[in-house]
Amino acid sequence: MVRISLLIHMILLAFVTNVEAQSEQLGELGLGEFLMQPSLVLDSRVESGFELGPSYVDFVWNKDNKYQAHIVFGDLNLLGVPQFVGVDTDGYGLISGFAEMQTSYGDVKAGLIPIQFGLEAGISESRLYFERSLIHEMRYLFIRDLGLQYFIEHNGFYTYSTVHNGEAGENTDNRYWFTTQFGFRGPAGADVGLSGSVGRYFPGVEEEHLRRAGNIHAKFSLRNLGAAVEATFGEDVLDGEKTPFLGWHADLRHPLFGSISILARFDHFDSDRDSGDSIIEKSTFGLAVDDLSYNSILYLYYHRRWDESSGQIDNQGLILWRLTSLFNDEK
């Protein structure tokens with residue numbers, strides 16, 4: 001923590017003392033984005049109280065709008081460590097750090113990068129209207145990882161191609177993953193695409209596992225009604241035996257009056273479609289109260305969660321205040 005604090009102070013000092021005459025040579029160092037999410041959890045089954053939700057700050061160096069470097073500090077849970085690597089990471093630290101080069105032939109990122117897969121993965125938390133879906137909560141998909149990514153777009157059609165470690169960090173098992181996404185972004189906020197990911201891993205035992213996953217997603221906004229749906233399907237393979245999994249969710253968002261919108265989501269996840277007792281479902285209803293720039297949004301959520309294995313139903317209320325420096329063009 002001392003090293004992290006020292007590094008942050010050094011970055012801020014460099015920013016404040018940046019000499020204007022050197023800006024053309026050295027580029028510009030500044031704040032790219034910050035996210036702060038204080039919240040109040042209301043739940044009769046677990047501990048309730050005030051919390052500081054997943055938050056982060058992003059420092060950006062930019063040179064001629066061609067070269068960029070990002071260093072992002074925040075809640076380590078935002079790394080999205082896969083469930084086969086081990087327990088999720090608590091505390092605060094470096095959650096992303098990468099170099100980026102933008103050219104007429106495409107953009108390249110290298111380092112601890114966002115992994116583009118489906119609608120949610122690869123999108124910063126400040127642009128999400130809901131908490132990440134169950135398949136992300138159970139850590140079956142990547143959010144950030146060490147790797148190399150190439151992005152190209154033409155007339156609305158886009159492609160992300162990523163080679164990465166598959167561990168949200170160092171490559172301890174000497175295996176690599178390949179993740180790709182193809183899609184189209186068009187009028188009315190439309191985004192339709194396909195994603196795929198494949199790789200091998202050792203989950204703490206000698207046997208090597210193969211995991212492959214596919215995703216189909218669609219999103220649009222029509223007459224103020226925002227709708228999104230995506231489904232992720234895949235399987236783990238060990239010695240020829242397959243364990244299929246499935247996750248999907250459907251979202252709706254619509255202005256109610258003024259700056260108030262209503263939100264609804266149904267989320268389904270099955271970690272083993274052959275077992276018959278591995279389904280988790282979660283229904284979310286909420287209100288969002290925002291300012292004109294969407295820099296400040298107050299969310300009021302009600303969650304209803306059902307676990308097939310235990311038969312338990314949990315009800316939870318959540319009040320969350322999201323502050324971000326980015327204008328949210330996903331509205």
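The values are calculated or read from the model by the stated rules, or taken from the named source; none is laboratory data. Bear in mind that the values here come from a model prediction, so they are computed numbers and not experimental data. Here the Cβ positions follow ideal geometry from the backbone for every residue, glycine too, while neighbour counts run over all protein chains shown.
Just wondering, is there one or more residues in segment 68-82 that are within 30 Å of ILE313 (Cα to Cα), of a type in the set (A, V, I, L, M, F, W, C), assigned to a strand (DSSP E or B) and touching a residue at least 40 places away in the same chain (Cβ under 8 Å)?
The initial filter retains those residues of segment 68-82 that are within 30 Å of ILE313 (Cα to Cα), namely 75-82.
Those still in the list that are of a type in the set (A, V, I, L, M, F, W, C) too: 76, 78-79, 81.
Imposing the further condition that a residue be assigned to a strand (DSSP E or B) reduces the set to none.
No; the residues of segment 68-82 include none that is within 30 Å of ILE313 (Cα to Cα), of a type in the set (A, V, I, L, M, F, W, C), assigned to a strand (DSSP E or B) and touching a residue at least 40 places away in the same chain (Cβ under 8 Å).
Scanning segment 129-160 for residues that are assigned to a loop (DSSP other than H, G, I, E, B) and of a type in the set (S, T, N, Q), which turns out surrounded by the fewest Cβ atoms within 10 Å (Cβ to Cβ)?
This residue is ASN155.
Is it the case, given these coordinates, that TYR92 is over 26 Å from GLY186 (Cβ atoms) and in contact with a Leu (Cβ under 8 Å, 6 or more places away or on another chain)? Walk me through how you get there before you give the answer.
Numbers: over 26 Å from GLY186 (Cβ atoms): yes; in contact with a Leu (Cβ under 8 Å, 6 or more places away or on another chain): yes.
Yes, satisfied.
Name the residues in segment 287-320 that are modelled with pLDDT of 95 or more, within 21 Å of the chain's Cα centre (by Cα) and of a type in the set (Phe, Trp, Tyr), would you?
Across segment 287-320, the qualifying residues are TYR299, TYR301.
Among residues belonging to segment 213-232 that are among the charged types (D, E, K, R) and crowded, with 16+ Cβ neighbours inside 10 Å, point out the one that is farthest from GLN83 (Cα to Cα). Steps first, please.
Going residue by residue through segment 213-232, those that are among the charged types (D, E, K, R) are 219, 223, 230.
In the following step, the residues that additionally are crowded, with 16+ Cβ neighbours inside 10 Å were identified as 219, 230.
On the way: LYS219: 28, GLU230: 21 Å.
Among residues in segment 213-232 that are among the charged types (D, E, K, R) and crowded, with 16+ Cβ neighbours inside 10 Å, the one farthest from GLN83 (Cα to Cα) is LYS219.
For the structure I just gave you, tell me whether GLU20 is among the charged types (D, E, K, R), surrounded by 15 or more Cβ atoms within 10 Å (Cβ to Cβ) and at pLDDT below 90.
Considered against the rule, which asks whether it is among the charged types (D, E, K, R), surrounded by 15 or more Cβ atoms within 10 Å (Cβ to Cβ) and at pLDDT below 90, GLU20 comes out as no.
So GLY234 ticks every box in (1) at pLDDT 95 or above; (2) under 14 Å from LEU119 (Cα atoms) but one. Which box is left unticked?
(2) is the only condition that GLY234 fails.
Residues being touching a residue at least 60 places away in the same chain (Cβ under 8 Å) and either among the charged types (D, E, K, R) or touching an Asp or Glu at 6+ places or on another chain (Cβ under 8 Å) (or both): count how many of those fall in segment 92-130.
Of the residues in that region, 11 qualify.
Can you name the number of the only condition in (1) closer than 26 Å to ALA213 by Cα; (2) among the hydrophobic types (A, V, I, L, M, F, W, C); (3) surrounded by 17 or more Cβ atoms within 10 Å (Cβ to Cβ); (4) out of contact with any helix residue (DSSP H, G or I) (no Cβ under 9 Å at 6 or more places or on another chain) that VAL60 fails?
For VAL60, the exception is condition (1).
Write out, first by first residue and then by second, each pair whose Cβ atoms fall under 6 Å of each other, whose residues are 6+ apart or on separate chains, and whose first residue, in segment 241-254, is closer than 19 Å to TYR299 by Cα while the second is buried (at least 17 other Cβ atoms within 10 Å of the Cβ) and of a type in the set (A, V, I, L, M, F, W, C).
ASP251/ALA228; ARG253/LEU263
Can you confirm whether THR284 is touching a residue at least 40 places away in the same chain (Cβ under 8 Å), in contact with a helix residue (DSSP H, G or I) (Cβ under 6 Å, 6 or more places away or on another chain) and under 27 Å from GLU33 (Cβ atoms)?
no
Could you list, in sequence order, the residues of segment 175-199 that are of a type outside the set (Gly, Ala, Ser), more than 16 Å from ALA218 (Cβ to Cβ) and buried (at least 22 other Cβ atoms within 10 Å of the Cβ)?
TRP177, THR179
Could you please give the count of residues in segment 83-125 that are under 14 Å from TYR160 (Cβ atoms), surrounded by fewer than 21 Cβ atoms within 10 Å (Cβ to Cβ) and of a type in the set (Val, Ile, Thr)?
Residues meeting the conditions: 2.
Just give me the residues in segment 195-240 being touching a residue at least 60 places away in the same chain (Cβ under 8 Å), small (Gly, Ala, Ser) and assigned to a loop (DSSP other than H, G, I, E, B), in sequence order.
Matches in segment 195-240: GLY204 only.
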